[in-house]
Amino acid sequence: MLLEATPSVELEVNPWESAAHRFDEAAELLKLDDGIRKVLRLPTMELTVNIPVMLDDGRVEVFTGYRVQHSIARGPAKGGIRFAPDVSLDEVRALAAWMTWKCAVVNIPFGGGKGGVICEPQLLSESELERITRRYTAEICEFIGPERDVPAPDVNTNEQTMAWIMDTYSMHKRHTVTAVVTGKPLELGGSRGRPEATGRGCMIVTMEALKRFGLAPEDARVIIQGFGNVGGMAARLMTRRGFKITCIVEYDGAVYNPHGLDVEALMLYRRDTGSIRGFPEAEDVDKEEALLLPCEVLIPAARENVITSHNADRIRAKILCEGANGPTTFLADSILHDKKVFVIPDILANAGGVTVSYFEWVQDRGGYFWREDEVNTRLEEIMVASFNDVTGYSEKHAVHNRTAAYMLALDRVAYAIKKRGLYA
Ligand code: GLU
């Protein structure tokens, strides 16, 4: 079943539509078997839970949460859990499918999953968040596990959230099961290098892309949207490598310095004031306009639907490195392509996180932990090889990088389904 060729703009911002369009395009080009198309077009499992939680003031509130497993053909489902007020089943579905493709692009033995809870973390206390996390975990407990579905941090969740999930799951199983989640604190079976992994992966693929333009990091002005786990880490690591981070964009404003921002000072400023706005060594700029400033590299590392049919034609970057999941809508794809922007698609660009999650899972199961340089070397090997796989495929088949990444991934997942056969 193909979606309409020219969808309405309202559909543009539905992530599941974006995911489905790209899937259909790649499946068509691969001439993928009809049956396999049907299998992969829908998630294998979708769970909705309504969880009652006592708030600090004694009131009971019910929160809705989801866990979706898109595919388990290549291994256990893998993917984060996000806490946000606008989480929806369609968003979680899309994110779960993107995890399937992402794990296949970097060729690690996982399928794809995702979870989310509709809540406003900024308005909740630490103990309310703990109770939400534990009750949500208890409800999805039968469906997750080291061999089944392995959650990780995502938007508004962190290593503390993962420690609570690990503990709740372990209490149910009556023994400690560290490998049920990744992104845990180092002392509880976490991996060295995991907190920086997504940002480091973005930097590695950006450096590979720069080579194609004959540019060195020192020649590259970088705009980063998001200053959290992905954007903040990318900014910090890239500054150390000589990149010039000229603009940081956050949900409440943006700061710009054409000579390059002092990223460490900006982090301290934000810690002390609660915002990046008003940073003395930069100019405050409009957060929408910030994405359109001149630069060599643009890294959207926040949420979905940032580059759309409304602004794609005004993007001035040479390289778009998608640190977030789904920052570009399917309608923006062809505009960027016509402008010859070199797109490093999300399912490649931000795969550093899940790659080190894979290393964490391996270390937990083996009970033997690696040095940080071992983690980083192995991550770099995988990111560079995957970058070359995707760009090589794109050149060979004359398709853009995103389509190439999808085709490569679909092919690998389809192979697993075909070889395993149907259990009936
Ligand atoms: N939430 C991250 C992502 O979207 C990490 C997932 C994981 O490590 O399982 O890729």
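The residues of the chain expose on average 42 square angstrom of accessible surface per residue, using a 1.4 Å probe on protein heavy atoms. From the P(r) of the stretch 18-86, could you give the percentage of C-alpha pairs in the tail past 18 Å? Counting pairs separated by more than 18 Å, the tail of P(r) holds 58 percent. The order of the peptides 228-240, 103-115, 395-407 by mean Cβ neighbours within 10 Å, most packed first, is 103-115, 228-240, 395-407. Just the protein heavy atoms count here, and of the accessible area of the chain at 1.4 Å, carbon and sulfur take up 51 percent. The average projected area of the chain, computed from the convex hull of its Cα atoms over all directions, is 20.7 nm². With a Förster radius of 56 Å applied to the C-beta separation of Ser127 and Glu395, the computed FRET efficiency comes to 0.55. Among the DSSP beta bridges whose two residues both lie in the chain, what percent are antiparallel, rounded to the nearest 5? Given both bridge residues lie in the chain, the antiparallel proportion sits at roughly 50 percent.
Remark: spin-label model distance Glu289-Asp411 equals 4.6 nm, labels positioned 7 Å along the Cα→Cβ axis.
Which of Lys38/Lys173; Lys184/Lys287; Lys114/Lys340; Lys114/Lys173; Lys211/Lys244; Lys244/Lys318 have a Cα-Cα distance over 24 Å? The pairs that break the limit, which is 24 Å between Cα atoms, are Lys38/Lys173; Lys184/Lys287; Lys114/Lys340. Proximity of backbone amide H atoms, modeled 1.01 Å from N, is registered between Ile51 and Phe63, Thr64, Gly65 at under 5 Å, excluding neighbours fewer than 5 places apart on the same chain. Hydrophobic long helices, here whole DSSP H runs in the chain with Kyte-Doolittle means of at least 0.0 and Cα atoms spread over 20 Å or more along the helix axis, are found at 89-105, 197-212. Between Gly366, Gly58, Gly352, the residue with the greatest mean-square fluctuation in the GNM of the chain (Cα pairs under 10 Å linked by springs) is Gly58. Taking 0.36 nm per residue of separation and subtracting the current Cα-Cα distance, fully stretching the chain between Arg148 and Glu61 would add 28.3 nm. Per residue of the chain, the DSSP helices (runs of n ≥ 4 H) give a summed -39500 (n - 2.57) that works out to -14000 deg cm²/dmol at 222 nm.
The values are calculated or read from the model by the stated rules, or taken from the named source; none is laboratory data. Please read these numbers as outputs of a predicted model, since none were measured by experiment. Cβ: placed from backbone, ideal geometry, glycine included. Neighbour counts: every protein chain shown. We work out accessible area using only protein heavy atoms, side chains counted, and drop any ligands, DNA or RNA first. Shrake-Rupley method; radii C 1.70, N 1.55, O 1.52, S 1.80 Å.
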